[in-house]
Amino acid sequence: MTVLREKWALRILFNMKLVRTAIPDVIVIEPKIFNDTRGFFYESFNQQAFDEATGTNYQFVQDNHSKSSRGVLRGLHYQLSPKAQGKLVRVVQGEVWDVAVDIRKGSPTFGQWVGEELSADNHKQLWIPPGFAHGFITLSETAEFLYKTTDYYSPEHERAIRWDDPQLAIAWPFCTTDIQISAKDQQALAFSQAEVFENVECSR
């Protein structure tokens, strides 16, 4: 399936600009940056602002930090219920292209994906709610990637979909021969064979 590309501004809230992507539950967060001769400061997370913007009341319970080299692709990962994870992701060094795939069977955008460039320079964050598969590819020589999750890592609920699944047809911004993936991700299932989320409520 092809990606939906249009997006629209949601609102300015506190020191953050929220932009819904073409899959409305996936939201780009653009913090307000305060620069001066010393450097910069910004509020990277505000629970009240996040709750109001997303209309949710998720609590984040785990923070993860990865470092990847150019061409490394991680994904497409997700956890099944009752350990499904929402993820709030950002980059603090380097640059990645981040992807969310809607795998909620009741969703009008089921099987569609959105991609967003996240970097240490643009300071963007991406909110990916439960019910999505997630992955990214490193565009810079190295990148450090941070993500907050709404549930703990649970190996027995962990699943993966192939990054190059032909039905999803994700347009990764890299030559296939230059992509590096783990042995574990090489064993990921096709989208047509993957376990997905049933009867998940979606934004309209």
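Right, V61: β-branched (V, I, T) and either surrounded by fewer than 22 Cβ atoms within 10 Å (Cβ to Cβ) or touching a Pro at 6+ places or on another chain (Cβ under 9 Å) (or both) or not?
Yes.
Among (1) closer than 17 Å to I27 by Cβ; (2) crowded, with 18+ Cβ neighbours inside 10 Å; (3) of a type outside the set (A, V, I, L, M), there is one condition D51 misses while meeting the rest; what is its number?
(2)
For region 101-113, which positions are of a type outside the set (D, E) and under 16 Å from P166 (Cα atoms)?
V101, I103, F110, G111, Q112, W113, listed by residue number.
Can you tell me which residue within region 85-108, out of those that are within 14 Å of the chain's Cα centre (by Cα) and over 18 Å from L139 (Cβ atoms), is surrounded by the most Cβ atoms within 10 Å (Cβ to Cβ)?
The selected residue is V101.
Just to be sure, is S68 part of a loop (DSSP other than H, G, I, E, B), more than 15 Å from the chain's Cα centre (by Cα), modelled with pLDDT of 90 or more and of a type in the set (S, T, Y)?
Judged against the criteria, S68 is not a match.
Scanning for something assigned to a helix (DSSP H, G or I) and more than 15 Å from S68 (Cβ to Cβ), does region 126-143 turn up at least one residue?
No; the residues of region 126-143 include none that is assigned to a helix (DSSP H, G or I) and more than 15 Å from S68 (Cβ to Cβ).
The values are calculated or read from the model by the stated rules, or taken from the named source; none is laboratory data. The structure displayed is predicted, hence computed values, not measured ones. Virtual Cβ from ideal backbone geometry, glycine too; neighbours counted across all protein chains shown.
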